[in-house]
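Below is one structure; the comments refer to it alone.
Just so it is clear, none of the values below were taken in a lab; they were calculated from the coordinates. From a predicted model like this one, the values you see are computed outputs, not experimental measurements. When we count neighbours, we look across all protein chains shown, and the Cβ atoms used for this are built from the backbone with ideal geometry, even at glycine.
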Amino acid sequence: MQEKLYQALEERILILDGAMGTMLQRYHFTEEDFRGERFKDFHKPVKGNNDLLSLTQPKAIAEVHAKYFEAGADIVETNTFSGTTIAMADYDMQDLVYEINFESAKIAKQVAQEFTQREPHKPRFVAGAMGPTNKTASLSPDVNDPGFRAISFDELRKAYKQQAEALLDGGADILLVETIFDTLNAKAALFAIEEVKEERNIDVPIMVSGTITDASGRTLSGQTAEAFLISISHIPILSVGFNCALGAKQLTPHLEVVAHRTPFAVSAYPNAGLPNAFGEYDESPEQMAAQIKEYLDKKLINIIGGCCGTTPPHIKAIAQLAQQYQPRPLIPVAL
């Protein structure tokens, strides 16, 4: 599959899926739905633990993946954004981390294989989603103690290693370190992946996606787009880019910085605009696609999808537009 992935990347702009959380909200799952039969007597509330749905509502997860593939996605992300022992500690479900990641990858892979068999000319791929966790290694959560850290690099490395192993065991084709607000967290994830690659004597395509948190054009830990790029470029990766936090229009200048300074493929999956007063996203598929057209006209990207608020109609509109363009050329660039 790796060979097919690299070949597809040279031939066309690849389409990533849209938001898993946005789609799952439409099911209106109750606390009982989240628990299922297996966790009906669990001692803590679990509603909101979307990753758990891979165990209790696997059919819904498979349906979401299928809808994105039908909309034109080449790559879907596993339902594992919070799939580390660090994030799962909120629910006292650290012991389920391996199973959640394994089953999530397995579900996505089964759907991907069905679509690949149906359309052999358009192979479908699974990206194992590795989210940022809910802790930061670079910043103190205590304003009165700037030297305090809620998590160490080694704790992050161990948690990410377990997640990476489970995702690969479940069938993930790619590992996606995403929504990076603290590059030190990402470095722990990348270090863990390199450990797994070395121990298993395998090569794994790695996607890295940071998030610019506000109009300052920096990540939460204070890096500019260029600084972020330089700090992760020592690792051999498939792609680098940005997702979440901003809408497509606001993300453009940051993508330009990266696209002109990296030999790697460039990815983007912005939100459907900025959230309204109710935290909802109002941008229509047509509005979002019209903004993404600027990426395509400027040849900034190789992989494009959607984050918060995006749905299969958004991905369909983006895919239909992207197929009219050639991907950004993959040529060596001096950093």
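Quick check, is residue 150 under 17 Å from the mean Cα position of the chain (by Cα) and either assigned to a loop (DSSP other than H, G, I, E, B) or closer than 15 Å to residue 106 by Cβ (or both)? Quick ask: steps written out before the conclusion?
Values: under 17 Å from the mean Cα position of the chain (by Cα): no; either assigned to a loop (DSSP other than H, G, I, E, B) or closer than 15 Å to residue 106 by Cβ (or both): yes.
In short, no.
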Of the residues that make up the range 152-162, is at least one crowded, with 21+ Cβ neighbours inside 10 Å, free of Cβ contacts under 8 Å to residues at least 60 places away in the same chain and not β-branched (Val, Ile, Thr)? no
